[in-house]
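Colleague: Before anything else, here's the structure in question.
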Amino acid sequence: MERESINCINAVAGVPVCCPSRASFLTGQRPLTHGVFLNDVPLAPDASTLAKSFRAAGYDTALIGKWHLDGHGRSNFIPRERRQGFEYWKALECTHDYNNSFYYAAGPEKLKWEGYDPIAQTQDAENYLRTHAKSEKPFFLVLSWGPPHDPYQTAPAKFRALYAPDQFKLRPNIPENMAARIRKEMVGYYSHCSALDDCLGELRGKLKEEGLDQNTLLIFTADHGDLLGAHGGHNKQQPYDESLRIPFLLHWPAGLGTKPRKLDALINSEDMMPTLLGLCGVAIPKSVEGLDYSGYLHGGANPSDGATLLSCVSPFGQWNRSIGGKEYRGIRTLRYTYVRDLKGPWLLFDNEKDPYQLHNLVAEPGFAALQAELDATLKKKLAAAHDEFLPGADYIKKWGYTVDKTGTAPYTP
């Protein structure tokens, strides 16, 4: 797919964790605006979303797989009024039990995916494509797989058999004392990735079989990355590239051609909604804060000022305060990552010279002018976003959320 697509090589999830990224993707807003800056809190039912915009423009809308935006428990039935404009619905709030996975459709009956859920969900998406192939009505379909999210060792056996721990060359920012564990986890991670590669191939094959491949805009992206031991960390939330960088591939032969292009724009999660609406000629709601890159993708000017915001409003869950989690605000430019915590400058990396972010340049001799320049850019962007960078507890109180001692919103499994 990448060899026939636009590859936005600097795409990031500016708040690299599940629910905030998903809410920003759907609303085109930053987390302090839509309020989903923790996992397992609800996106307001009256939010202006991608699915509602497409429905208003005459599209059918569909969601298959993981949702994680309802905030009323991870396996509860989600009624139509809380589905944010999606009509066709085969989804569950959240599960990581990929081989024992349930979902709801139109009604409150709890249903089960057969086998490994990405494969079953992909097959359902193929059925959806088949039913729309002869219709002139456009559609907006989100196929939301759970993997390669932890737990890693649960892909089908034929994919696990593709990898062995000793075949991996570890990134130099992974501590030696973690090497054995990370090699094992990478077997599982890449097994999931290979399973999803197969699913994507099946989906592309169905688009071609049904005559939908030329004029369907196919997007491949994610809600966050995974540290997999980088900097001694696990999972996501932290402002390192392994956590925040995500794929963003756009394949649309009729609209963007099939010549491969790598574009360096710093597309963030909130930029995806206006960009997709712009590409499809659908009106962009006034509530949107993200940038519309559709003209840029067609060869026009880059709407960015060369930097995009990164943040953790309040740490929780897998990166809570007891293991070093903390609030931060930062920027990612084409070359640098600069991050402040509540005490002041925290991280500065030259990602061109130091791609594994091993050398923190904060307060290093010779970098004072660069640090001051990046700090000024960050403060300017925070002011434009009306972000006062307060302690996380202030925002939790403002939105009326209840959290446990780790800062995590409790949820019913």
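Colleague: When you scan region 332-346, how many residues do you find that are farther than 30 Å from Pro410 by Cα and crowded, with 19+ Cβ neighbours inside 10 Å? Write out each step before concluding.
Modeller: The first filter runs over region 332-346 and keeps only residues farther than 30 Å from Pro410 by Cα, leaving 332-338, 344-345.
Filter once more, so that each one left must be crowded, with 19+ Cβ neighbours inside 10 Å: 332, 336-338, 345.
Total meeting the criteria: 5.
The rows are residues; the columns are (1) acidic (Asp, Glu); (2) crowded, with 24+ Cβ neighbours inside 10 Å; (3) touching a residue at least 60 places away in the same chain (Cβ under 8 Å).
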| site | (1), (2), (3) |
| --- | --- |
| Asp264 | yes, no, yes |
| Ser269 | no, yes, yes |
| Gly278 | no, no, no |
| Ser287 | no, no, yes |
| Gly299 | no, no, no |
| Ala307 | no, no, yes |
| Cys312 | no, yes, yes |
| Gly317 | no, no, yes |
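Colleague: In the list Pro365, Pro345, which residue meets the criterion of being over 23 Å from Leu228 (Cα atoms) and touching a helix residue (DSSP H, G or I) at 6+ places or on another chain (Cβ under 7 Å)? Give the derivation first.
Modeller: Working: Pro365 fails: touching a helix residue (DSSP H, G or I) at 6+ places or on another chain (Cβ under 7 Å).
Only one candidate qualifies: Pro345.
Colleague: Quick one: count up the residues across region 1-47 that are assigned to a strand (DSSP E or B) and farther than 15 Å from Gly290 by Cα.
Modeller: 3
Colleague: Of a type in the set (S, T, N, Q) and in the same structural domain as Ala230 (by TED's automatic domain parsing), is that true of Thr275? Step through it out loud before you land on a result.
Modeller: Working: of a type in the set (S, T, N, Q): yes; in the same structural domain as Ala230 (by TED's automatic domain parsing): yes.
Here the answer is yes, as Thr275 does meet what is asked.
Colleague: Here's another thing I want to ask about it. Being outside the structural domain of Ile267 (by TED's automatic domain parsing), buried (at least 18 other Cβ atoms within 10 Å of the Cβ) and of a type in the set (A, V, I, L, M) is the requirement here; does Ile323 meet it? Give the steps one after another, and end with the answer.
Modeller: Values: outside the structural domain of Ile267 (by TED's automatic domain parsing): yes; buried (at least 18 other Cβ atoms within 10 Å of the Cβ): no; of a type in the set (A, V, I, L, M): yes.
Answer is no for this residue.
Colleague: To continue, here is another question. Quick check, is Leu374 surrounded by 16 or more Cβ atoms within 10 Å (Cβ to Cβ), farther than 29 Å from Ala44 by Cα and either modelled with pLDDT of 95 or more or out of contact with any Lys or Arg (no Cβ under 8 Å at 6 or more places or on another chain) (or both)? First the steps, then the outcome.
Modeller: Details: surrounded by 16 or more Cβ atoms within 10 Å (Cβ to Cβ): yes; farther than 29 Å from Ala44 by Cα: yes; either modelled with pLDDT of 95 or more or out of contact with any Lys or Arg (no Cβ under 8 Å at 6 or more places or on another chain) (or both): yes.
Yes; evaluated as a whole, the condition is true for this residue.
Colleague: Restricting to region 111-134, count the residues that are more than 25 Å from Ser75 (Cα to Cα), of a type in the set (Lys, Arg) and at pLDDT 95 or above. Reasoning before the result, please.
Modeller: Looking only at region 111-134, we keep the residues that are more than 25 Å from Ser75 (Cα to Cα), and these are 129-134.
When the remaining residues are screened for being of a type in the set (Lys, Arg), the result is 130, 134.
From the residues that got through so far, the ones that are at pLDDT 95 or above too are 130.
Looking only at that region, the number is 1.
Colleague: Please determine whether any residue of region 212-221 is under 24 Å from Glu114 (Cβ atoms) and either assigned to a helix (DSSP H, G or I) or modelled with pLDDT of 95 or more (or both). Give the derivation first.
Modeller: We begin by selecting, within region 212-221, every residue under 24 Å from Glu114 (Cβ atoms); these are none.
No, there is no match, as no residue in region 212-221 is under 24 Å from Glu114 (Cβ atoms) and either assigned to a helix (DSSP H, G or I) or modelled with pLDDT of 95 or more (or both).
Results for (1) farther than 24 Å from Asp150 by Cβ; (2) surrounded by fewer than 24 Cβ atoms within 10 Å (Cβ to Cβ), shown as yes or no for each residue.
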{"position": "Pro20", "(1), (2)": "no, no"}
{"position": "Ala23", "(1), (2)": "no, no"}
{"position": "Gly28", "(1), (2)": "yes, no"}
{"position": "Phe37", "(1), (2)": "no, no"}
{"position": "Asp40", "(1), (2)": "no, no"}
{"position": "Thr49", "(1), (2)": "yes, no"}
{"position": "Ser53", "(1), (2)": "yes, no"}
{"position": "Ala57", "(1), (2)": "yes, yes"}
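Colleague: Among the residues of region 391-405, is any farther than 27 Å from Gln29 by Cβ and not assigned by TED's automatic domain parsing to the domain that holds Asn100?
Modeller: Of all residues in region 391-405, those farther than 27 Å from Gln29 by Cβ come to 405.
Then drop every residue that is not not assigned by TED's automatic domain parsing to the domain that holds Asn100, which leaves 405.
Within region 391-405 (the criterion being farther than 27 Å from Gln29 by Cβ and not assigned by TED's automatic domain parsing to the domain that holds Asn100), the answer is yes, since at least one residue qualifies.
Colleague: Looking at the structure I just gave you, is Asp197 assigned by TED's automatic domain parsing to the domain that holds Tyr116, in contact with a Lys or Arg (Cβ under 7 Å, 6 or more places away or on another chain) and either at pLDDT 95 or above or within 23 Å of Ala125 (Cα to Cα) (or both)? Please lay out each step first, then the result.
Modeller: Working: assigned by TED's automatic domain parsing to the domain that holds Tyr116: yes; in contact with a Lys or Arg (Cβ under 7 Å, 6 or more places away or on another chain): no; either at pLDDT 95 or above or within 23 Å of Ala125 (Cα to Cα) (or both): yes.
Answer is no for this residue.
Colleague: If Ile174 satisfies all but one of (1) in a helix (DSSP H, G or I); (2) over 24 Å from Asp117 (Cβ atoms); (3) hydrophobic (A, V, I, L, M, F, W, C), what's the number of the condition it fails?
Modeller: The single condition Ile174 does not satisfy is (1).
Colleague: In this structure, is Asp124 touching a residue at least 24 places away in the same chain (Cβ under 8 Å), closer than 27 Å to Arg55 by Cα and either outside any helix (DSSP H, G or I) or outside the structural domain of Tyr88 (by TED's automatic domain parsing) (or both)?
Modeller: Details: touching a residue at least 24 places away in the same chain (Cβ under 8 Å): yes; closer than 27 Å to Arg55 by Cα: yes; either outside any helix (DSSP H, G or I) or outside the structural domain of Tyr88 (by TED's automatic domain parsing) (or both): no.
Against the criterion (touching a residue at least 24 places away in the same chain (Cβ under 8 Å), closer than 27 Å to Arg55 by Cα and either outside any helix (DSSP H, G or I) or outside the structural domain of Tyr88 (by TED's automatic domain parsing) (or both)), Asp124 does not qualify.
The values are calculated or read from the model by the stated rules, or taken from the named source; none is laboratory data. What you see is a predicted model, and the numbers here were worked out from it, not measured in a lab. All Cβ positions, glycine included, derive from the backbone under ideal geometry; neighbour counts span all protein chains shown.
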